[in-house]
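Q: Before I ask anything, let me first share the structure, which is written out below as structure tokens.
Every number here is computed from the coordinates shown, using simple stated rules; none is lab data. Just so it is clear, the structure is predicted and the values come from calculations on it, not from any experiment. Note: ideal-geometry Cβ built from the backbone for every residue, glycine included; neighbour counts use all protein chains shown.
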Amino acid sequence: MKSIGILGVGQAGGNIAEIAATMGFQAALINTNQRDGAVNARVEKKYFVPGYSGAGQDRSIGVRAVNENYREIIDFVQKSFKNIRLLLVAFSTDGGTGSGMSPLLIDLLIDQLPGIHIGAIPVLPDRNVLAGNRINAAECMEELSKITGLSSVFLVDNDQLRKLNPQSSKHQIYLSSNRQVMESINHVLQVTKKSSFYGNFDETDLMNILNTRGVTVIASTAITDAKTTADVASKIQQSWATSIFCPVESAGVIRAGLIYEGPEPIAKLINIPSIFERVGEPLELFEGTYISESDPTVTTILAGLSFPSHRLHGLEETLEKNKERLQSLVNKEHTQNYESKVSWASGLKAKTPHKSTESVFSKLNKYQK
Ligand SMILES: Nc1nc2c(ncn2[C@@H]2O[C@H](COP(=O)(O)OP(=O)(O)OP(=O)(O)O)[C@@H](O)[C@H]2O)c(=O)[nH]1
Ligand SMILES: [Mg+2]
């Protein structure tokens, strides 16, 4: 039984929970729209907030859904997961349901699920989304970043794939990012089940890292062609920039994991100071070395990173740039009207004759001889 559970909220969250379920994670989903959640057939445990049919990108509807039903929702979550150590709540930040419900729900779950750490898998939108989505994402991230008892935040960035594949359909981007995020979490969890002569990375090590408050990145890279310690360090640093998560922006890793899988001779090219040169050495490092004949691969987990303000400001930038246009759009909504120049002409239209109704009796009387 895996010790990490995945709770999806809203459409994107449900899709991530679906992939998680196929990988053997305990998974559940919550939605305000039954039809959206119904497509995630692999997730058995589902809660649909009664009386709603989606939030239509309105975060306040998501917040209201939690306010009105928090007892049932908490009860549903408690019943859906057994013997997990970490619950990750997955949701998109730019819709209404997941973005509105999740920060409040996470804050409640932190107190209501004693003994279980709560983390998050928020999804940031790609570059093509419009103002309304950007406003939602900014609000959601601000709320999330203020939750004090929160563990790892795996900040999935749809733009990481959009950058590489400008021509891909939304569907391809979503599917691929959902798969990549769950594969990376699954991979580090599976490593904890392996044993090694040279240094084990066990589940307690992993939980120590993942329970760290802040942004967490998991990245893997093959180091097959590396000849020097500098080659290895640069490959690893590159993997932090190209993973499915928001790229690492600034120094300040608090806890980290470093897992090597591959042939023995290459393991000696791993040099901790040069790997962490750019992001600063962490407070604690948990290492695992698994010798095999497979392609040499290094997986790193960086936890306790700051929220990526550069990326988030980029998301807000187009709002700032278009401030006046956007404000005038909103003002227009309730003030606009159309004034016809031919209103005089309505007098020309045929009038329906005024039909006065008489009582049956008065008609009967009229014909009385
Ligand atoms: N990575 C990923 N992103 C997704 C997926 N589905 C939707 N998104 C992202 O989520 C945004 C839409 O949010 P949804 O999750 O559909 O919204 P919701 O939480 O269901 O809220 P409402 O539909 O407004 O009630 C899109 O702009 C995408 O950024 C998915 O399966 N994977
Ligand atoms: Mg939806």
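Q: Which links in 2/194; 2/163; 2/79; 82/193; 2/45 stretch past 25 Å when you go from one Cα to the other?
A: Correct reply: 2/163.
Q: Rounded to the nearest 0.05, what FRET efficiency is calculated for residue 142 and residue 1 with R0 set to 35 Å and r the Cβ-Cβ distance?
A: According to the calculation, E is roughly 0.50.
Q: Right, here's the next one. Are there any trypsin sites (Lys or Arg not before Pro) in the range 79-154 that are in a DSSP loop and have at most 15 other Cβ atoms within 10 Å? List them by number. Spell out each step's value before the answer.
A: Numbers: sites: 79, 82, 85, 127, 134, 146; in loops: 82, 85, 127, 146.
Qualifying residues, ordered by number: 82, 127, 146.
Q: Taking the Cβ of each residue in 188, 123 as the centre, tally the other Cβ atoms inside 10 Å and list the residues starting with the fewest.
A: The fewest-first ordering by Cβ neighbours comes to 188, 123.
Q: Also, I was wondering about something else. Taking amide H positions as placed in the peptide plane 1.01 Å from N, state which residues far from residue 288 in sequence (5 or more) or on other chains have amide H under 5 Å from it.
A: The answer is 258, 259, 260.
Q: To continue, here is another question. For the pair residue 354 and residue 44, what calculated FRET efficiency results from E = 1/(1 + (r/R0)^6), where r is the Cβ-Cβ distance and R0 = 56 Å, to the nearest 0.05?
A: Plugging the Cβ-Cβ distance into 1/(1 + (r/R0)^6) gives 0.25.
Q: Also: Within the chain, which is the longest segment that contains none of the chymotrypsin sites (Phe, Trp or Tyr not before Pro) sitting in a DSSP loop with at most 14 other Cβ atoms within 10 Å? Walk me through the intermediate numbers first.
A: On the way: sites that count: 197, 198, 338, 367.
Longest site-free region, per DSSP loop and neighbour criteria: 1-196.
Q: If you don't mind, another one. Tabulate in residue order the Karplus-calculated ³J(HN,Hα) for the range 115-121, using 6.51 cos²θ - 1.76 cosθ + 1.60 with θ = phi - 60°, rounded to whole Hz; enter x for Gly and Pro.
A: Karplus values, whole Hz, x for Gly and Pro: x, 10, 7, 10, x, 9, 10.
Q: Then there is this: For the chain, what does the helix formula give at 222 nm: sum of -39500 (n - 2.57) over DSSP H segments with n ≥ 4, over the residue count, nearest 500 deg cm²/dmol?
A: Details: 14 runs with 163 residues, N = 369.
So the helix-based figure for the chain works out to -13500 deg cm²/dmol.
Q: Using a Förster distance of 41 Å, how high is the FRET efficiency between residue 337 and residue 34, based on the Cβ-Cβ distance and rounded to 0.05? Walk me through the numbers on the way to the answer.
A: Numbers: r = 39 Å, r/R0 = 0.94.
Efficiency at R0 = 41 Å is approximately 0.60.
Q: Just to check, using Stokes-Einstein with a Kirkwood Rh over alpha carbon pairs, what's the diffusion coefficient of the range 1-191 at 10 °C and 1.306 mPa s in µm²/s?
A: On the way: Rh = 16.3 Å.
For these conditions, the coefficient is 98 µm²/s.
Q: Starting at the first residue of the range 225-230, write each ³J(HN,Hα) from the Karplus equation 6.51 cos²θ - 1.76 cosθ + 1.60 with θ = phi - 60°, in whole Hz, x for Gly and Pro.
A: 8, 5, 10, 10, 5, 5
Q: Would you please give the residues with an amide H less than 5 Å from that of residue 119, counting only those at least 5 places away or on a separate chain, with H modeled from the backbone geometry?
A: 87, 88, 89, 151
Q: Also: Whose amide H sits under 5 Å from the amide H of residue 223, counting only residues 5 or more places off or on another chain, with H placed in the peptide plane?
A: Excluding prolines and chain starts, which carry no amide H, the hits are 297, 298.
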